[in-house]
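Trainee: What follows is a single structure, and I will ask about it in a moment.
Read-outs: derived from the displayed coordinates by stated rules, not from any lab. Worth saying up front: this structure is predicted, and the values here are computed from it rather than measured. Backbone-built Cβ (ideal geometry, glycine too); neighbour counts: all protein chains shown.
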Amino acid sequence: MGGWQRVNLSFVSAYLLVRGNDAAIVDLGTGGSEDAIGQGLTAAGSSFSAVRHVIMTHKHPDHAGSLAGVTAEATNAKFYTGAADVSSLVSEKELVGLKDGDEVFGLRIVGTPGHTAGHVSIFDPSTGTLVSGDALRTTDGLASSDPQYTENEEQAKASVRKLAALDIKTILPGHGEPLMSGAADALRKLAASL
């Protein structure tokens, strides 16, 4: 996964990227997941002290639930989420609002609203890896945002079409297994069906 490591938190995943002596975390799972994330960092040859960037794809408690726990551990990190979701999260540290086209740690932020107004996906152009949060899921084949938790269905569909235009090799979803082969074709087919 091009340096990416998955932390499987039962029904949801967090992802870690270690580059040199620095690390980034994308998504934080439900409350109390900080120990599993810490174990994932250790397994990847890193630690919370090396984490410089913590990005939450959106405000929902299965993706931002361990914000307080991770804030206490990752004391050298900046914390980010989509600009429209910042006000919905309570944080001891300032949350940096992200918008489409921003760059963090060499990663491109792709605004993918719909699931929530501030939902962002994270694209690693060096490896073609997309961390999709809840814009995409693979719990039953590749699918778009789960309608029952989606704030704006039309925006969510438009976000899938936007992602399909990227040069993607791997999809790391919030829910379901990583899609390691045929990801671009599957995503283009999904986008065309919406």
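Trainee: Which pairs, out of K78/K162; K99/K157; K169/K189; K59/K189; K99/K169, put more than 21 Å between their alpha-carbon atoms?
Mentor: Flagged as over cut-off: K78/K162; K59/K189; K99/K169.
Trainee: How much mean residue ellipticity at 222 nm does the chain get from its helices, if each DSSP H run of length 4 or more adds -39500 (n - 2.57) and you divide by all residues, to the nearest 500 deg cm²/dmol?
Mentor: About -6500 deg cm²/dmol.
Trainee: For the stretch 82-108 and the stretch 116-174, write down the distance between their C-alpha centroids in whole Å.
Mentor: Here the answer is 17 Å between Cα centres.
Trainee: Restricting things to alpha carbons, tell me how big the stretch 1-155 is in terms of Rg and Dmax, in Å.
Mentor: Looking at the stretch 1-155, its Cα Rg and Dmax stand at 14.2, 41 Å.
Trainee: Around L9, which amide H atoms from residues at least 5 apart in sequence, or from another chain, sit under 5 Å from its own amide H, with H modelled in the peptide plane?
Mentor: Sorted by chain and number, the residues that satisfy this are A14.
Trainee: Can you give the angle from 0 to 90° between the axis of helix 183-193 and the longest principal axis of the chain, with both taken from C-alpha atoms, to the nearest 10?
Mentor: 50
Trainee: Could you check the simple spin-label distance between K99 and S87, using points 7 Å along Cα→Cβ, in nm with one decimal?
Mentor: About 1.6 nm separates the two model spin labels.
Trainee: Only four residue types carry charge here, +1 at the Cβ of Lys and Arg and -1 at the Cβ of Asp and Glu. Report the dipole size of the stretch 1-152 about the Cα centre in Debye, rounded to the nearest 20.
Mentor: For this selection, approximately 280 debye.
Trainee: Read phi for every residue in the stretch 42-53 and hand back ³J(HN,Hα) as whole Hz from Karplus 6.51 cos²θ - 1.76 cosθ + 1.60, θ = phi - 60°, with x for Gly and Pro.
Mentor: Computed from phi, the couplings for the stretch 42-53 are 4, 4, 8, x, 10, 7, 4, 5, 8, 6, 9, 9 Hz.
Trainee: I need the calculated FRET efficiency for the pair S193 and E154, taking r as the beta carbon distance and R₀ as 22 Å, to the nearest 0.05.
Mentor: 0.90
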